[in-house]
Structures are given as C-alpha cells and as structure tokens.
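Participant: Below are the structure tokens for one structure; questions will follow.
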Amino acid sequence: MTPVELTVLSTDETVTVGALAEDDRLLLEASAVHAVTGWEPKPEGLCRGDLCIPVRDPAARDHEGRYDLARVAAALHRPYAAERLDDESRAVAAIGEAAHERAAVYNDGTAPRVDLIDLDGNPITVPDHSRRKRLLLAWSSW
Amino acid sequence: MAVALDDSLDVIRPWVEAADPPLTSVRVALDADHRLAEAYGITNVPATVWIDEDDKVVKPPTITPGNNMFQEFTKIDAEGHHAALRRWVHEGVLPELPDRGDGTDANVARPPTAEEQTGRTERRLASWLHRNGQTEAAERHYARAVQLAPLDWTISRGSMPARGQDPFGNDFFDLYQEWEDAGRPDYQAVPGGDVPPSPDA
C-alpha cells in the first residue's frame with residue numbers, strides 16, 4: 001500500500017485529499033470520502049442530510065474500514081475513472097454524475113452556476129447574478 | 001458570456017484578440033473541465049443557451065452559428081436564430097423548438113445516457129492528464145470517452161487537438177460522416193427565419 005496525494009475531479013470542483021493506493025484500488029478514510037463526494041459515510045450508509053444510500057458491497061471497505069473510492073462511486077451510481085501518475089505518489093480520479101441526476105437538473109430548468117476562470121485566470125461565476133436576460137455561448141478553437 | 005471548451009487560456013487568447021468586431025460587452029471564460037458544458041447539456045459548438053431574468057433556462061442549447069460561412073455543413077440559416085433572439089429580447093416571445101423525434105422534451109436539454117455520462121467523466125480525467133503532461137494515460141481515457149460518446153462533439157472533436165488529430169481535416173470529416181449517418185443528432189435549428197427583425201434591434 002502506497003500513500004498518494006489524490007486529486008478528485010467532481011462535476012463542480014476539484015479536491016485533493018490523502019489516500020492509499022493498492023494495485024488499482026484507491027482507499028480513503030471516511031472524512032476524505034465526504035470531502036470528495038459530498039456524501040458522509042455513516043453506519044447506515046453514505047448520507048447527505050436525511051438521505052442515506054446503503055453500501056451493500058462488502059468489498060467497499062477494507063479491514064481497516066477505509067473506503068474503496070471506485071466502489072463508493074458505484075454505490076452512488078456515479079461514473080468513475082482513475083489513473084495513477086508516473087511518479088506513483090500521485091493519483092487522479094474523476095467522479096461524474098448519474099444520467100438521471102443530470103436529467104433532473106435539466107428538467108428543473110434553473111440555470112446552474114458554474115465556477116470557471118476568465119481570460120486573466122481569475123475566478124468567474126457563469127452565469128452572473130445580474131437578473132437580466134443572459135445569453136451563454138459555448139465556443140471553441142476546434 | 002462566451003465560454004470556451006478548450007484546454008488552456010493560451011489556446012483561446014488569439015481568437016479573442018482577433019475578434020472583429022472586438023469583444024467589448026462579452027465576457028470570456030474557459031471551461032477546460034467541460035463543467036458548464038455538462039451542466040447545460042452542451043454537445044457541440046457554437047451553441048447558445050438563453051437564461052431569463054428569473055434564472056430559468058428558457059432555451060436549452062441549440063447550435064447557433066454566428067453567420068452562414070459553414071452553412072453547407074450546418075444547414076442552419078443564422079438569420080433564423082438571430083431573429084428569434086431579437087424577438088425574445090425585445091418582446092419576451094420564445095421560439096417553438098422543433099421536436100427531436102426521440103420523445104424527449106425539446107424545451108429542455110436532451111437527457112444524457114449512462115454511457116454519455118461515463119464518457120464525460122472519462123474525458124474530464126483525460127483532459128486533466130493531458131494538461132498535466134501524462135500524455136499516454138490521457139490517450140487511453142480520451143479513447144474510452146470517444147467510444148462511449150462518439151457523437152458528443154465536445155468529446156470527439158474537442159479532444160482532437162490533444163490527441164494529435166486534426167479537427168479541421170480528415171479526422172473531422174470522418175466524424176462528420178458518422179454523425180450525418182446517425183441522422184445529425186442534437187442539431188435542431190431554432191426557427192425564426194420568418195420573423196421580421198424588431199425595428200429597434
């Protein structure tokens with residue numbers, strides 16, 4: 001088992017936590033799971049407010065009680081991808097959003113706010129809070 | 001707001017500087033992780049989303065070329081959505097969006113499939129790896145992402161520069177053919193061509 005600095009790219013932010021890597025597995029303490037997923041591990045499952053999702057997969061935790069991040073993502077029905085970096089002391093994982101969660105946001109119709117950077121590299125929230133009509137244009141160099 | 005689905009500020013800066021007329025009232029942001037693209041269901045560019053005074057998405061992403069330079073490919077007359085946009089801004093009237101023909105509500109972004117969501121997740125990881133010099137690992141995840149969501153152009157075409165492919169050459173034409181054979185998904189034009197522009201627009 002190797003200690004790694006783990007960067008997790010979620011749908012709305014990027015968080016770095018400590019983890020242990022063993023083969024393809026990334027093992028996290030409960031507090032780190034909470035930090036990277038927003039779901040807090042409790043005896044009844046992964047919880048957010050009053051809602052708890054049970055973790056039925058016995059392999060989701062190791063004998064020390066650490067959580068396997070891939071199996072946590074699976075319990076939350078979220079897509080997951082991960083990679084160890086060349087120097088072995090770092091790893092990166094991406095945890096996406098389930099299709100039905102995404103569809104619910106689209107159906108709700110409220111414009112989500114997303115934190116991006118502007119041309120100077122400064123943080124900018126899109127869309128702004130101007131209470132006017134706004135047009136978002138997605139463009140690219142490609 | 002003009003949000004670029006590109007890997008770095010250095011890539012987009014020359015485009016912003018070359019804008020004619022200059023971008024004076026438009027703010028530019030970079031979305032290298034495609035977080036905004038996913039939040040609004042954007043699968044190609046140039047796409048626009050309309051948001052009203054109450055923070056409601058009143059028109060989901062649709063393809064809206066700025067002019068008719070590439071109309072041969074887009075088959076979209078820019079005058080149509082420009083007229084529809086003016087009408088919404090001045091009169092508050094929204095266009096009636098054409099049915100997608102797949103049973104989904106044309107007034108909200110098309111719900112993604114599980115494969116597309118996994119593809120977006122793989123692309124987000126791939127792009128991060130690419131930006132952090134992990135080229136080989138990035139390629140594995142880009143390939144997986146494109147396999148999962150081949151007709152999401154923000155994934156398939158958007159990853160071409162990072163993968164050493166040409167987004168304006170044969171790689172593009174192959175993708176274009178595949179997409180055309182699939183019935184040109186996610187490309188419903190905003191109607192409005194028959195709406196005369198508002199006199200004060």
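Just so it is clear, none of the values below were taken in a lab; they were calculated from the coordinates. Because the structure is predicted, anything quoted here is derived from the model rather than measured. Neighbour counts are summed over all protein chains in view; Cβ atoms, including those assigned to glycine, are modelled from backbone coordinates with ideal geometry.
Participant: Once the other residues with Cβ under 13 Å from the Cβ of residue B:75 are scored (Lys, Arg +1; Asp, Glu -1), what is the net sum? Intermediate results must be reported in sequence, preceding the final value.
Facilitator: Values: positive: B:184; negative: B:72, B:77, B:180.
Residues close to residue B:75 contribute a combined charge of -2.
Participant: So what is log10(I(q)/I(0)) for the protein assembly as shown at q = 0.07, 0.09 1/Å, when the Debye sum runs over its Cα atoms only?
Facilitator: Cα-only, vacuum Debye calculation for the protein assembly as shown: -0.32, -0.52.
Participant: If you don't mind, another one. Which residues make up the longest stretch of chain A clear of GluC sites (Glu not before Pro) that lie in a DSSP loop with no more than 16 other Cβ atoms within 10 Å, not counting the sites?
Facilitator: A:89-142
Participant: Taking only the Cα atoms of the range B:15-56, how large is their convex hull per residue, in Å³?
Facilitator: Working: hull volume 4.6 nm³, N = 42.
For the range B:15-56, the hull spanned by Cα atoms encloses 109 Å³ per residue.
Participant: Pick from B:19, B:84, B:149 the residue whose mean-square fluctuation is largest in a GNM of chain B, springs joining Cα atoms under 10 Å.
Facilitator: B:19
Participant: When the expected Rg is taken as 2.2 N^0.38 Å, what fraction or multiple of it is the alpha-carbon Rg of the range A:1-74? Show your work: numbers first, answer last.
Facilitator: Working: Rg = 11.8 Å, N = 74, 2.2 N^0.38 = 11.3 Å.
Computed over Cα atoms of the range A:1-74, the ratio equals 1.04.
Participant: Roughly how compact is the range B:7-88, stated as its Cα Rg over 2.2 N^0.38 Å to two decimals?
Facilitator: Values: Rg = 14.1 Å, N = 82, 2.2 N^0.38 = 11.7 Å.
That works out to 1.20 for the range B:7-88.
Participant: Here is a follow-up. Provide the net charge surrounding residue B:170, with neighbours chosen by a C-beta distance below 13 Å and charges set as Lys +1, Arg +1, Asp -1, Glu -1. Walk me through the intermediate numbers first.
Facilitator: Details: positive: B:157; negative: B:166, B:171, B:174, B:178.
Residues close to residue B:170 contribute a combined charge of -3.
Participant: Roughly what angle does helix A:99-108 make with the longest principal axis of chain A, taking Cα atoms, 0 to 90 degrees, to the nearest 10?
Facilitator: 30
Participant: So what is the orientation-averaged projected area of the range B:104-201, using the convex hull of its C-alpha atoms, in nm²? List each step's numbers first, then the result.
Facilitator: Working: hull surface 36.8 nm².
Taking a quarter of the hull surface, the average projection is 9.2 nm².
Participant: Let me ask something else. Report, in deg cm²/dmol and to the nearest 500, the calculated mean residue ellipticity at 222 nm for the protein assembly as shown, where each DSSP H run with n ≥ 4 adds -39500 (n - 2.57) and the sum is divided by the residue count. Working shown, then result.
Facilitator: Details: 11 runs with 106 residues, N = 343.
Estimated from H runs of four or more residues: -9000 deg cm²/dmol.
Participant: Around residue B:53, with a cut-off of 10 angstrom between Cβ atoms, what is the net charge of the other residues, counting Lys and Arg +1 and Asp and Glu -1?
Facilitator: +2
Participant: Between A:31, A:89, A:130, where does the largest GNM mean-square fluctuation fall for chain A, given springs only between Cα atoms within less than 10 Å?
Facilitator: Greatest mean-square fluctuation among the candidates belongs to A:130.
Participant: So which trypsin sites (Lys or Arg not before Pro) in the range B:1-82 are both in a DSSP loop and have at most 14 other Cβ atoms within 10 Å of their Cβ? Please list the in-between numbers first.
Facilitator: Values: sites: B:27, B:35, B:56, B:75; in loops: B:27, B:75.
Loop-located and lightly packed - B:27, B:75.
Participant: Would you please name the GluC sites (Glu not before Pro) within the range B:1-68 that are DSSP coil residues with at most 13 other C-beta atoms within 10 Å of their C-beta?
Facilitator: On the way: sites: B:17, B:38, B:53; in loops: B:53.
When the GluC sites (Glu not before Pro) of the range B:1-68 are filtered for loop state and at most 13 Cβ neighbours within 10 Å, B:53 remain.
Participant: Under a no-solvent Debye model with one identical scatterer per Cα of the range B:1-139, what's log10 I(q)/I(0) at q = 0.10, 0.15, 0.17, 0.22 Å⁻¹?
Facilitator: Once normalised to I(0) and log-transformed, intensities are -0.42, -0.95, -1.18, -1.52.
Participant: What is the Rg over Rh value, at two decimals, for the range A:22-142, using alpha-carbon atoms and the Kirkwood definition of Rh?
Facilitator: Values: Rg = 18.2 Å, Rh = 17.3 Å.
Here the Rg-to-Rh quotient is 1.05.
Participant: Here is a further query. Scan chain B and report its longest stretch carrying no chymotrypsin sites (Phe, Trp or Tyr not before Pro) that are both in a DSSP loop and have at most 13 other Cβ atoms within 10 Å. Before the final figure, lay out the partial values.
Facilitator: Values: sites that count: B:70, B:168.
Looking at chain B, B:71-167 is the longest stretch - no exposed chymotrypsin sites (Phe, Trp or Tyr not before Pro) with at most 13 other Cβ atoms within 10 Å.
Participant: Could you calculate the FRET efficiency of residue A:131 with residue B:182 from 1/(1 + (r/R0)^6), where r is the beta carbon distance between them and R0 is 45 Å, rounded to 0.05? Spell out each step's value before the answer.
Facilitator: Working: r = 40 Å, r/R0 = 0.89.
Efficiency, rounded to the nearest 0.05: 0.65.
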